[in-house]
Amino acid sequence: MTSPLPPAELPSSPRASVLDLAPVVPVVVVEDAADAVPLARALVAGGLPAIEVTLRTPAALDAIRAVAAEVPDAVVGAGTVITPTQVADCVAAGARFLVSPGWTEELLAAMQGSGLPFLPGVSTTSEVVALLERGVREMKFFPARAAGGTDYLRSLAGPLPQARFCPTGGIALASAPAYLALPNVGCVGGSWMLPGDAVAARDWLRIEELAREAAALGR
C-alpha cells in the first residue's frame, strides 16, 4: 500500500482518495455525542485518522460536527448515507468524506455534487461496471464477507483492475490482512477496534491500543 497521507492533506475534492489514509477505516456507531471527541482522539492517537461515523443513531450528525470542530487531526466522514438529504446534512456538519452501503442515480448525483470524496457501496460486478461507466473508480465493497470476500474481490482484479475498494462487513483483525494483500484493495473498514464493552466503559486507552494494532496492518 502507499504510505498514509497526513490528514491535513486530504482536500475537499472528488479526486482525493480516502483509501490511502490508513489501512483501516474505523466504522463507528455513536450513541452519545459526548463520546465522539475522546473516541476520535483515541483512534487518531492509535494511527487511524480516517473515521467513518455511521448515520445509524440520532447522535451521528452531532458527533460528526464535534469531531470536525475539535479533533483537527481526524478526517471524519459519514457512513450509511442513503439519501440526498443526508448528503447535504453531512456536508453541513463538517464531514470530509461520504460512504454509502449502496447507490442509486439520485444518491450518486448528490454525492458527486457534494464536492467531497465518496465511496458508493457495491456487491456485484454489474454495479462496479455501472460506476466505472460514470467515472467512479473507488468504491465500498459491502457486505464484504457475505458478498464473497477475498475470493470475489480477487476475481474482479483481472477484468476490472481500474476499480479500487474498501471492503467492509464481517472483517476482523484476523481476516483484514488477506483483504489488504489484494491489489484492488486500498483499505478495509471495520469496528473490531471498538468493542462494545470498551466504548460503554469509555476505555479510550484500550481503544487506542486496538487502533494501533489495526494501523500496524499496513506496515
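Values for this structure:
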{"read-out": "Backbone N under 18 Å from the residue 32 label point (7 Å along Cα→Cβ), restricted to segment 200-218", "value": "200-208"}
{"read-out": "Estimated FRET transfer efficiency when R0 is 22 angstrom, pair residue 124-residue 83 (beta carbons, to 0.05)", "value": "0.50"}
{"read-out": "Potential extension, residue 174-residue 57 segment - 0.36 nm per residue separation minus Cα distance", "value": "39.3 nm"}
{"read-out": "Computed label-point distance, nm, for sites residue 73 and residue 104 using a 7 Å Cα→Cβ extension", "value": "4.1 nm"}
{"read-out": "Scattering profile of segment 118-219 at q = 0.13 Å⁻¹ [log10 I(q)/I(0), Debye over alpha-carbon scatterers]", "value": "-0.49"}
{"read-out": "Spin-label proximity, residue 216 to segment 22-65 - amide N less than 19 Å from point 7 Å beyond Cα toward beta carbon", "value": "22-26, 42-49"}
{"read-out": "Ordering of 110-123, 163-176, 194-207 by burial proxy (mean other Cβ atoms within 10 Å per residue, highest first)", "value": "110-123, 163-176, 194-207"}
{"read-out": "Förster-model FRET efficiency, 45 Å R0, residue 132 and residue 209, C-beta, rounded to 0.05", "value": "0.70"}
{"read-out": "Projected area averaged over orientations for segment 18-211, convex hull of C-alpha atoms, nm²", "value": "9.8 nm²"}
{"read-out": "Under 14 Å, Cβ to Cβ, from residue 67 - net charge with Lys/Arg +1 and Asp/Glu -1", "value": "-3"}
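Every number in this text was worked out from the coordinates using simple rules, so none of it is lab data. Every value quoted in this text rests on a predicted model; they were computed, and no experiment measured them. Heads up, the Cβs are rebuilt from the backbone with ideal geometry, glycines too, and the neighbour counts pull from every protein chain shown.
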